[in-house]
Amino acid sequence: MVDGDSGVEVARRVADLTLDVQDFPQPGIAFKDLTPLFASGPDFAATIDTIVGHYGPDSFDVVAGIEARGFMIAAAVAYAAGVGFVPVRKVGKLPRKTLRETYALEYGEATLELHADAFSPGQRVLVVDDVLATGGTAEAALSLIEQAGGVVAGFAVLLELAFLEGRKRLKPRSVHALLTV
Ligand code: AMP
């Protein structure tokens, strides 16, 4: 039985086109490979339309995507909703003044950056990534967006690993996962 925040039908589409790759990128990790979903036009379009439909085009002003797989989904959501796209990038990629947040990974740490002037004050930002695992990446991204003056309208992912309890960590922001496993 598959399920997610937008019902069984779209959850099944995501589940059917996700491959589990054991021990990638390191031993003990079951990597969720979403490339078959991205490669299927009707299924990719259905996931994007579901995200836009859930929030409604009037509930956010801009979409932020987290590098790298979040970019693909976020850019498509932005296009479908007729709004702009803002990248949250890995350290050292953005050319102008940035805000920076370092967070813990399962092994080591990582840093995300956002242009300091990415948002006008109070702009409502829908944040998008592919997978929610421990929530560390999302927590850092959401914090950067709030530091930059954005208001988080929601955090949307294609797939959530519920046993890692990332959703709890992001409270009180709203999380929307098309598939929860
Ligand atoms: P986390 O910070 O633990 O929530 O990890 C989320 C980020 O790492 C997302 O940007 C995902 O792209 C990636 N990620 C973490 N775990 C997995 C996994 N099992 N399969 C695919 N991507 C993952």
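Can you confirm whether segment 35-51 contains a residue that is touching a Pro at 6+ places or on another chain (Cβ under 6 Å) and either free of Cβ contacts under 8 Å to residues at least 40 places away in the same chain or open to solvent by less than 20 Å² (accessible area, probe 1.4 Å) (or both)? First the steps, then the outcome.
First pass over segment 35-51, keeping only residues touching a Pro at 6+ places or on another chain (Cβ under 6 Å): none.
Within segment 35-51, not a single residue is touching a Pro at 6+ places or on another chain (Cβ under 6 Å) and either free of Cβ contacts under 8 Å to residues at least 40 places away in the same chain or open to solvent by less than 20 Å² (accessible area, probe 1.4 Å) (or both).
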Completion exercise
Considering residues that are open to solvent by 10 Å² or more (accessible area, probe 1.4 Å) and under 18 Å from Gly84 (Cα atoms), the number found within segment 127-149 is 4
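Is one or more of the residues making up segment 93-107 of a type in the set (S, T, N, Q) and open to solvent by 50 Å² or more (accessible area, probe 1.4 Å)?
Of all residues in segment 93-107, those of a type in the set (S, T, N, Q) come to 98, 102.
Going one step further and asking which of them are open to solvent by 50 Å² or more (accessible area, probe 1.4 Å), we end up with 102.
Within segment 93-107 (the criterion being of a type in the set (S, T, N, Q) and open to solvent by 50 Å² or more (accessible area, probe 1.4 Å)), the answer is yes, since at least one residue qualifies.
In this structure, is Glu165 at pLDDT 95 or above, over 13 Å from the mean Cα position of the chain (by Cα) and open to solvent by 10 Å² or more (accessible area, probe 1.4 Å)? Walk me through it before giving the result.
Working: at pLDDT 95 or above: yes; over 13 Å from the mean Cα position of the chain (by Cα): yes; open to solvent by 10 Å² or more (accessible area, probe 1.4 Å): yes.
Yes: the conditions hold for Glu165.
Tell me, which residue of segment 3-32 that is more than 15 Å from Val131 (Cβ to Cβ), outside any strand (DSSP E or B) and open to solvent by 90 Å² or more (accessible area, probe 1.4 Å) is farthest from the ligand (Cβ to nearest atom)? Quick ask: steps written out before the conclusion?
Just the residues of segment 3-32 that are more than 15 Å from Val131 (Cβ to Cβ), to begin with: 3, 6-10, 12-13, 16, 22-23, 26-28.
When the remaining residues are screened for being outside any strand (DSSP E or B), the result is 6-10, 12-13, 16, 23, 26-28.
Then drop every residue that is not open to solvent by 90 Å² or more (accessible area, probe 1.4 Å), which leaves 9, 12, 16, 23, 27.
Numbers: Glu9: 23, Arg12: 19, Asp16: 17, Asp23: 11, Pro27: 13 Å.
Filtering segment 3-32 for residues that are more than 15 Å from Val131 (Cβ to Cβ), outside any strand (DSSP E or B) and open to solvent by 90 Å² or more (accessible area, probe 1.4 Å), the one farthest from the ligand (Cβ to nearest atom) comes out as Glu9.
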Fill in the blank from the handout: Across (1) in a strand (DSSP E or B); (2) more than 17 Å from Leu142 (Cα to Cα); (3) not small (Gly, Ala, Ser), Val52 clears everything bar (1)
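How many residues, within segment 123-181, are polar (S, T, N, Q), in contact (Cβ under 8 Å) with a residue 60 or more places away in the chain and within 12 Å of the ligand (Cβ to nearest atom)?
Of all residues in segment 123-181, those polar (S, T, N, Q) come to 123, 134, 137, 143, 147, 174, 180.
Next cut, in contact (Cβ under 8 Å) with a residue 60 or more places away in the chain only: 123, 137, 180.
Add one more test, that the residue is within 12 Å of the ligand (Cβ to nearest atom), and what stays is 137.
Going through segment 123-181 one residue at a time, the tally reaches 1.
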Handout entry: Members of segment 150-162 found to be open to solvent by 40 Å² or more (accessible area, probe 1.4 Å) and more than 28 Å from Asp3 (Cα to Cα), listed by number
Key = Val151
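The values are calculated or read from the model by the stated rules, or taken from the named source; none is laboratory data. Given the structure is predicted, the values throughout are model-derived calculations rather than measurements. We place every Cβ from the backbone using ideal geometry, glycine too, and count neighbours over all the protein chains shown. Just the protein is used for accessible areas: all its heavy atoms, side chains included, with ligands, DNA and RNA removed. Shrake-Rupley method; radii C 1.70, N 1.55, O 1.52, S 1.80 Å.
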